[in-house]
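Here's the structure we're looking at; comments come further down.
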Amino acid sequence: MQSEGCFTGFLDMNASAALSHGEPGNTADQDCALSYQSLDWLCTLIAVLDSQGVVRFVNAALENALGQSRRTMEATEFATCFSEPALLDKALSGARSNDFAALRFEAALLRLGQDLLPVHVTVSLVEQQGHVMVEMWPLEQQARQDREERIREQAEANKELIRNLAHEIKNPLGGIRGAAQLLQMDLATPELREYTTVIVHEADRLQVLVDRLLAPHRHPHDVGDVNIHEVCERVRSLVLIEYPQGLKITRDYDISIPEFRGDGVQLIQALLNIVQNAAQALSLRIAQGDAEIILRTRVARQVTLGRQRYRLALELHVIDNGSGVPDAIKERIFYPLVSGRDGGSGLGLTLAQTFVQRHHGLIECDSQPGRTDFRILIPLP
């Protein structure tokens with residue numbers, strides 16, 4: 001909330017700029033839209049209303065949040081976007097009578113096909129044009145950004161810990177294995193040799209585990225043009241070969257998504273790990289024949305990743321109808337060696353997150369019984 005004053009001042013400057021455009025009348029709305037276009041760069045949800053509460057302009061962040069286009073919302077009463085329209089009506093009445101400079105309250109926005117969006121609202125009057133500025137901050141937005149930052153910091157800490165731990169284990173492990181082999185050569189009793197054989201086998205198993213822990217950091221980053229739908233189709237075909245019966249993988253693509261620069265091999269591996277993880281969690285439904293995974297691609301606008309704002313981002317969803325991620329590990333599923341499945345290595349999702357973060361992106365997970373959604377966000381040019 002620390003930026004409210006800054007945003008309001010920014011809005012006032014844009015409103016002042018609107019006065020330099022054209023004549024009142026039919027061109028006024030066009031000039032209004034042009035003067036406020038710079039607000040599309042803000043992550044704050046902003047609506048510009050006339051004194052009667054009719055929409056004159058909404059920025060891209062608000063379009064994205066409500067799932068409605070600017071053209072659809074213009075010339076409509078903005079109060080209808082709230083679960084309690086009376087809250088905004090009361091604020092507009094106060095603005096018209098100059099009862100306050102800025103009014104703040106909490107409300108909930110209606111979204112098409114989604115849950116209500118709780119927001120903190122600031123209503124202020126722009127005196128130069130008689131417009132009313134409605135600024136809204138999703139209450140979960142700050143919490144989400146803090147969570148993303150924690151994920152990134154934890155990933156970096158895990159990376160350093162794993163690298164150091166793996167090297168500390170690897171060196172003495174070779175010595176233990178070599179000593180066990182030498183001891184095995186000097187032992188005449190077969191029963192005693194069984195013990196050294198166990199030592200050698202376990203040392204080999206730990207060596208494989210250490211190599212897998214170090215694998216993400218050894219993988220080269222080979223950048224080229226990537227078509228995300230080619231990545232999805234490759235993963236889809238691989239998983240359907242592994243699960244030919246009982247599993248349906250549904251495509252829901254936005255074919256307008258452009259190519260971007262990235263490592264196609266790493267992205268295939270990241271997506272494959274997530275889809276295979278979903279398929280393994282669907283084992284009971286696969287046996288019943290009603291398992292489904294949805295691959296959905298969309299373009300997200302005005303996305304913040306790693307405290308950096310991007311105009312466009314790829315939004316790739318992997319949605320399954322399984323039992324969901326256990327509550328005990330929901331906050332730790334991207335940590336190394338954390339698995340919700342017996343016999344799982346706990347490295348698949350860690351590797352996926354590492355590869356996506358190399359593309360300045362992030363993987364999020366929203367899980368409940370009957371629906372688990374892994375959401376991959378990667379900036380687009």
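Counting other beta carbons within 10 Å of each residue's own, what order do Cys232, Cys81 fall into, fewest first? Kindly include the intermediate steps, with their values, before the conclusion.
On the way: Cys232 22, Cys81 25.
Final ranking by Cβ density, sparse to dense: Cys232, Cys81.
Treating only the Cβ of Lys, Arg, Asp and Glu as charged (+1, +1, -1, -1), what charge dipole size does region 259-381 show about its Cα centre? Round to the nearest 20 debye.
Numbers: 14 positive and 12 negative charges, 107 e Å.
Value, rounded to 20: 520 debye.
We did not get these values from a lab; they are worked out from the coordinates using the rules stated. Just so it is clear, the structure is predicted and the values come from calculations on it, not from any experiment. Note: ideal-geometry Cβ built from the backbone for every residue, glycine included; neighbour counts use all protein chains shown.
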